[in-house]
Every structure is written in structure tokens, then in C-alpha cells.
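As C-alpha cells, the structure follows; a few thoughts come after it.
The values are calculated or read from the model by the stated rules, or taken from the named source; none is laboratory data. For clarity, every value in this text was computed on a predicted model and none was experimentally measured. Virtual Cβ from ideal backbone geometry, glycine too; neighbours counted across all protein chains shown.
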Amino acid sequence: MEMQMDFLRRLPTPEELKELYPTDREIREIKERRDREIAAVLRGEDDRMLLLIGPCSADNETAVLDYMTRLAAVNEEVKERLLIIPRVYTNKPRTKGLGYKGMLHQPDPHRGEDMLAGIIAIRQMHTRVVKETGFTCAEEMLYPENHRYLSDLLSYVAVGARSVENQQHRLVASGIGIPAGMKNPTGGEISVMMNAITAAQNPQRFQYRGWEVQTAGNPLAHAILRGRTDHFGQSVPNYHYEDLQNLQQAYEESGLKNPAVIIDVNHANSGKRYLEQVRIAEDVMHSRHVSPRIRRLVKGLMVESYLEDGAQSVDGTVYGQSITDPCLGWAGSEKLIRELAEMV
């Protein structure tokens, strides 16, 4: 039987899209500088801590730019201690893959899917963020074949809990040239995450976008702990001191380069109770102060944050409130950023 798939239209290749919507010298220089700074933190050459912060899903360009402008202002106060990497996650769908699937699919959440408009919208929004704030951002690499649409704009990629076991994600992460954070899977198996980091850190040959490609390996691939879900569907955190000690031991046994972990303070670590992110972040900072080894290992935090507390339905009308997972609002986020800078 033939594939039951309608080919609707040919989309531009990443190269074609980049020609239509190019970067300029200013953007290239900003990205090169920030890439160097982020790499230095992950290699232990810079004592600052990474803070990956922003909306669960970047759903509205106006609200996202508003948020990023506020973030840039507070960044001026904390940049000597924190290196902020905004989350601009444009591929982020609802967990079941039904309904809203992120800006890549739906640049307007209230209208149907339009992939051509989507790839243009996400490239234009990322470009605006760099030009207007000086930030280069993080994306979740949900669809590895789409990474090249933004590869000249991004400074960080996360591979999610449901993607980390996928071979294509691991192989592509080995060749992206920027840090790749590999989350533990939803079941929590640390060995799965460590295997993903190993694959990403090593040279790989595979098929990608119609080409046979060879990568050099990505020495900046590292761990993200995001909690796990047990057999009863309950969230179980993995950010505690003992969890960090266990990860330190796993790194020592693995022989991997640049041991590093980012703690995702939402998701199963908080049970998606977004206000708990503040307490969890402070707990991790305490662990860093107790143990020099954990201090060297924990390179940063990941926080889901937007203009308004909580979440709403896709049909909601609250400006700057998440339409996917609930987020910490701006007032709480700004306070947390300043507190974390003091605790570094």
C-alpha cells in the first residue's frame, strides 16, 4: 500500500529561507561573542551561571518581544554573575500533539496550521530578539530537520525528555556547533541521558536533509535534570543534593568531556506547580554552596517564565500568559533573577 500522506507544497530549504531573511554583521558578531561566553561557562572557564528563562512556548511575537525587552533591562544589573539565555521555544506543542503545536505550525494560535508562514515567523521573531535585545536564544530541538532554519541565530538547544532516546536527535546534536542540553527521559533513567550525551559528544555519520553528513562531535553536550514521572503518574523531583551527587558519579564513570548539568526547575521537578520554581532554584543554589564539586557540576538553571502568572486556554485573551504549561509571571521572575545573582 502507498503511503497515506498528501504532499501539500514544497517548503523552502533552510538555505533558501536564510537567503530570503538573512542575518547581518551585527547579528553574526553578537552570536559569535555569546557562543564563546556560554562555552566558557560550560567548560568551567567562567564562574558565571547560566539562566535559561522564558515562556514555555513562544506563542505571540509582540508579547515575547515585550518579555525579552524587560529581560534585557534586568540583565544589565546581573550580567556579571548570570549569563542569561532566553527561551524562545517556537516548536513547542501540547504534550499529546493535539491542538496547538507551536508557532512553527501555527504563527497565529487562533488559525489553522501553516508551515510556510511558520518557518518565516519563527526566523523573523528570533532575528528581532537579537537585534532589539542583544540576546541569542535557546530552542527545544523537537524536529531535528528544522534546526537549520535557525542555526545562525541560536546559542543553545535543548533535547526534550520524550526526544532524548531518539537516535536522530542524538546524532544531529553532535553537529550543531552550540551547547546541547539532553534532558533525562520522563521515566527518569539517568543512563539514557548519559548515553545521549555520549552519542552527541562523539563524531557521527548519518543522513540529514537528503545528505550524507559527518560531524565532529559536540563537546558541549550536557545533562538537564527535569524530574521524572513514576508508575502512578506522580512527579518525582531529581534536583536534590543526593541526585546531584549521583549525577557527579555517573559523569566520573563515563569519561565525558565538560561535566555539566542544568536544573529544570519546572516540569516534573515542580509537578508543574510554577510558583515552586522559586523554592527549587534556591534549593539548588544551596547545594552549590555546600559542595565545591556540585558547584562545578551545576552550571545553570532553566525557568519557565512569562509576563503573567499561570496558563490559559489557547482561546484565552490574557496578554503574555502561557497557552501551554503554566509559567512564573514577570514580577516573580524579576525578583528571582536578582536573588539568584546574589546567590551565585
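Here are some notes:
- Residues that are within 21 Å of Pro179 (Cβ to Cβ), in contact (Cβ under 8 Å) with a residue 40 or more places away in the chain and in a strand (DSSP E or B), drawn from region 212-232: Ala221, His222, Ala223, Ile224, Leu225
- Checking every residue in region 77-99 against the condition of being touching a residue at least 40 places away in the same chain (Cβ under 8 Å) and part of a helix (DSSP H, G or I) gives at least one match.
- Checked against (1) in a loop (DSSP other than H, G, I, E, B); (2) within 25 Å of Asn266 (Cα to Cα), Glu113 passes all but condition (2).
- Under the condition of being surrounded by fewer than 24 Cβ atoms within 10 Å (Cβ to Cβ) and more than 18 Å from Ala72 (Cβ to Cβ), the residues counted in region 115-140 number 10.
- Criterion: in contact with a Lys or Arg (Cβ under 7 Å, 6 or more places away or on another chain) and of a type in the set (Lys, Arg) - qualifying residue of Arg288, Arg279: Arg288
Conditions tested, residue by residue: (1) at pLDDT below 95; (2) among the hydroxyl-bearing types (Ser, Thr, Tyr); (3) closer than 15 Å to Gly181 by Cβ; (4) over 18 Å from the mean Cα position of the chain (by Cα).
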{"position": "Ile262", "(1), (2), (3), (4)": "no, no, yes, no"}
{"position": "Arg279", "(1), (2), (3), (4)": "no, no, no, yes"}
{"position": "Glu282", "(1), (2), (3), (4)": "no, no, no, yes"}
{"position": "Val290", "(1), (2), (3), (4)": "no, no, no, yes"}
{"position": "Leu297", "(1), (2), (3), (4)": "no, no, yes, yes"}
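- Close pairs (9 angstrom Cβ cut-off, 6 or more residues apart or separate chains): free of Cβ contacts under 8 Å to residues at least 12 places away in the same chain in region 302-326, surrounded by 18 or more Cβ atoms within 10 Å (Cβ to Cβ) and not in a loop (DSSP other than H, G, I, E, B) anywhere: Gln312/Ser322
- Being among the charged types (D, E, K, R), out of contact with any strand residue (DSSP E or B) (no Cβ under 8 Å at 6 or more places or on another chain) and touching a residue at least 12 places away in the same chain (Cβ under 8 Å) holds for only one residue in Arg43, Arg36, Arg10, and it is Arg43.
- Consider region 38-97 and keep the residues that are basic (Lys, Arg) and under 12 Å from the mean Cα position of the chain (by Cα). The one that is nearest to Leu220 (Cα to Cα) is Arg87.
- Scanning region 241-272 for residues that are assigned to a loop (DSSP other than H, G, I, E, B) and touching a strand residue (DSSP E or B) at 6+ places or on another chain (Cβ under 9 Å) gives Leu256, Lys257, Asn258, Pro259, Ala260, Val265, Asn266, Gly271, Lys272.
- When Pro203 is tested against (1) over 27 Å from Gly271 (Cα atoms); (2) touching a helix residue (DSSP H, G or I) at 6+ places or on another chain (Cβ under 9 Å); (3) modelled with pLDDT of 95 or more, exactly one condition is not met: (2).
- In the set (1) touching a residue at least 60 places away in the same chain (Cβ under 8 Å); (2) within 30 Å of Leu297 (Cβ to Cβ), Thr23 fails one condition alone, (2).
- Residues within region 159-197 that are under 22 Å from Thr229 (Cα atoms), touching a Leu at 6+ places or on another chain (Cβ under 7 Å) and crowded, with 24+ Cβ neighbours inside 10 Å, tallied: 2
- Search result, residues across region 10-68 that are among the acidic types (Asp, Glu), farther than 26 Å from Gly102 by Cα and assigned to a loop (DSSP other than H, G, I, E, B): Asp24, Glu45, Asp46, Asp47
- No other residue among Pro14, Pro22, Pro55 is farther than 27 Å from Leu307 by Cβ, at pLDDT 95 or above and crowded, with 18+ Cβ neighbours inside 10 Å apart from Pro14.
- Every pair of residues 6+ apart whose Cβ atoms lie under 9 Å, when the first sits in region 274-300 and is under 22 Å from Leu42 (Cβ atoms) and touching a residue at least 12 places away in the same chain (Cβ under 8 Å) while the second is in a helix (DSSP H, G or I) and among the acidic types (Asp, Glu): Ala281/Glu339; Met285/Glu339
- Single condition Ser151 does not satisfy, out of (1) polar (S, T, N, Q); (2) touching a strand residue (DSSP E or B) at 6+ places or on another chain (Cβ under 8 Å); (3) closer than 15 Å to Val88 by Cα; (4) surrounded by fewer than 21 Cβ atoms within 10 Å (Cβ to Cβ): (2)
- Candidates Val192, Val172 - the one that is closer than 19 Å to Pro14 by Cα and of a type in the set (Val, Ile, Thr): Val172
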